[in-house]
Amino acid sequence: MQRLQHAFLEELREEVIEEAAEAPTDADGFIDWFEQLKAIGPGQQDRLFPWLADEASRDELRWFLSQETAGEAGFDDLVALTQVKLPARAKLELARNYWDEMGRGNPKGMHGPMLGQLVDILDLDTRIENTVWESLALANAMTAMASLRAYAWHSVGALGVIELTAPDRSAHTARGLRRIGLSGSERRYFDLHAVLDVKHSRDWNDEAIRPLVAEDPRRATAMAEGALIRLRCGARCFERYRGHFGLE
């Protein structure tokens, strides 16, 4: 299974290795390149999300959220796995991020159960057999990068690009949930991530990515690969979802 997991990641690396090699390896240049992914990275500005916000029916939103929650690898666990033996400054930033994910010690504020509440409210179908392979591949890629130490820097880049790109998608999803009648407490997970991840992204870039690259420029290429792997896996999901909804 470990050989299969490694081969899976290496196949994903092959898709992005040339593009990632073009990323600058100085700290300032890399941050500039990284932040541009929000606008021009794979899957960004996908027309799926305005459609979810303004047009999708309740059942269509339920299907979309079923796919997304079934493929949710657990950001808190991914951060916990990734921070093992990182340099102190980056480790502290990942610890602060993890503490936010854990509701700062308040069970009602934990992000995972918050999403689980939405699963119950909308009666989502999160069975693996009913989940498209693209969603499962995304979860497997994130889990593999976080759990295999050879890909630790890839995981830092992949998690960082989630924080960078999630706010807009979360805001569109929250708008769709509001439109179909969910209350503020019921859509809290997406409302929260539409705002909180903006700060998380800024802090992740300043306190984790920048000092790690400044300390060893070689890490930039691995982080670029991880970020692009995450975005390409996400883009495949969006394309599959659009096909399911007949939006092609």
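The values are calculated or read from the model by the stated rules, or taken from the named source; none is laboratory data. Bear in mind the structure is a predicted one, so any value in this text is a computation, not a measurement. Cβ atoms come from the backbone with ideal geometry, glycine included; neighbour counts cover every protein chain shown.
Rundown of residues vs (1) at pLDDT below 95; (2) under 30 Å from residue 131 (Cα atoms), yes/no style:
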| site | (1), (2) |
| --- | --- |
| 196 | yes, yes |
| 200 | yes, yes |
| 205 | no, no |
| 224 | no, yes |
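Among the candidates 169, 187, which residue alone is within 23 Å of residue 117 (Cβ to Cβ), of a type in the set (D, E, K, R) and within 15 Å of the chain's Cα centre (by Cα)?
None of the other options fit; the residue is 169.
May I ask you to list pairs of residues, at least six apart or on different chains, whose Cβ atoms are under 6 Å apart, with the first in region 98-110 being at pLDDT 95 or above and the second being surrounded by fewer than 15 Cβ atoms within 10 Å (Cβ to Cβ)?
As it stands, the answer is none, since no pair meets every condition given.
Within region 50-73, work out how many residues are part of a loop (DSSP other than H, G, I, E, B) and either closer than 18 Å to residue 137 by Cβ or within 19 Å of the chain's Cα centre (by Cα) (or both).
Result for region 50-73: 3.
Would you mention how many residues in region 198-248 are in a helix (DSSP H, G or I), among the hydrophobic types (A, V, I, L, M, F, W, C) and farther than 16 Å from residue 166 by Cα? Show your work before the answer.
So in region 198-248, the residues in a helix (DSSP H, G or I) come out as 198-215, 218-245.
Now restrict to residues that are among the hydrophobic types (A, V, I, L, M, F, W, C): 198, 204, 208-209, 212-214, 220, 222-224, 227-229, 231, 233, 235, 237-238, 245.
Add one more test, that the residue is farther than 16 Å from residue 166 by Cα, and what stays is 208-209, 212-214, 220, 222-224, 245.
Residues meeting the conditions: 10.
Within region 81-158, which helices (runs of 4 or more DSSP H) (wholly inside it) include 2 or more residues that are of a type in the set (Val, Ile, Thr)?
Fully inside region 81-158 and qualifying: 111-122.
I'd like to check something: does region 205-216 contain any residue that is among the small types (Gly, Ala, Ser) and touching a residue at least 60 places away in the same chain (Cβ under 8 Å)?
Taking every residue of region 205-216 in turn, at least one turns out to be among the small types (Gly, Ala, Ser) and touching a residue at least 60 places away in the same chain (Cβ under 8 Å).
Which count do you get for residues in region 117-164 that are in contact with an Asp or Glu (Cβ under 9 Å, 6 or more places away or on another chain), within 23 Å of residue 34 (Cβ to Cβ) and β-branched (Val, Ile, Thr)?
Matching residues across region 117-164 total 2.
Among the residues of region 193-221, which ones are under 17 Å from the mean Cα position of the chain (by Cα) and farther than 27 Å from residue 70 by Cβ?
Hits for region 193-221 are 199, 202, 203, 205, 208, 209.
Kindly indicate the residue of region 175-192 that is in contact with an Asp or Glu (Cβ under 9 Å, 6 or more places away or on another chain) and free of Cβ contacts under 8 Å to residues at least 60 places away in the same chain and also nearest to residue 102 (Cα to Cα) among those meeting that condition.
184
With the structure loaded, tell me whether residue 195 is in a helix (DSSP H, G or I) and farther than 26 Å from residue 47 by Cβ or whether it fails that test. Break it down stepwise before answering.
Details: in a helix (DSSP H, G or I): yes; farther than 26 Å from residue 47 by Cβ: no.
In short, no.
Out of everything in region 10-29 that is touching a residue at least 12 places away in the same chain (Cβ under 8 Å) and not in a helix (DSSP H, G or I), what residue ends up being surrounded by the most Cβ atoms within 10 Å (Cβ to Cβ)?
Ranking the candidates gives 23 first.
What number of residues within region 50-92 satisfy the criterion of being of a type outside the set (Val, Ile, Thr) and farther than 19 Å from residue 192 by Cβ? Steps first, answer last, please.
If we filter region 50-92 for residues that are of a type outside the set (Val, Ile, Thr), which is where we start, we get 50-68, 70-78, 80-81, 83, 85-92.
Narrowing the set further to residues that are farther than 19 Å from residue 192 by Cβ leaves 50-51, 54-60, 62-63, 66-67, 70-71, 80-81, 83, 85-92.
The total comes to 26.
Considering only region 58-86, how many residues are of a type in the set (Ser, Thr, Tyr), at pLDDT 95 or above and touching a helix residue (DSSP H, G or I) at 6+ places or on another chain (Cβ under 7 Å)?
So the count comes out to 1.
Out of everything in region 159-192 that is basic (Lys, Arg) and in a helix (DSSP H, G or I), what residue ends up being nearest to residue 31 (Cα to Cα)?
So the first thing to find is which residues in region 159-192 are basic (Lys, Arg), and the list is 169, 175, 178-179, 187-188.
Subsequent filtering for residues that are in a helix (DSSP H, G or I) retains 169, 175, 178-179, 188.
Details: 169: 22, 175: 30, 178: 35, 179: 36, 188: 30 Å.
Top of the filtered list is 169.
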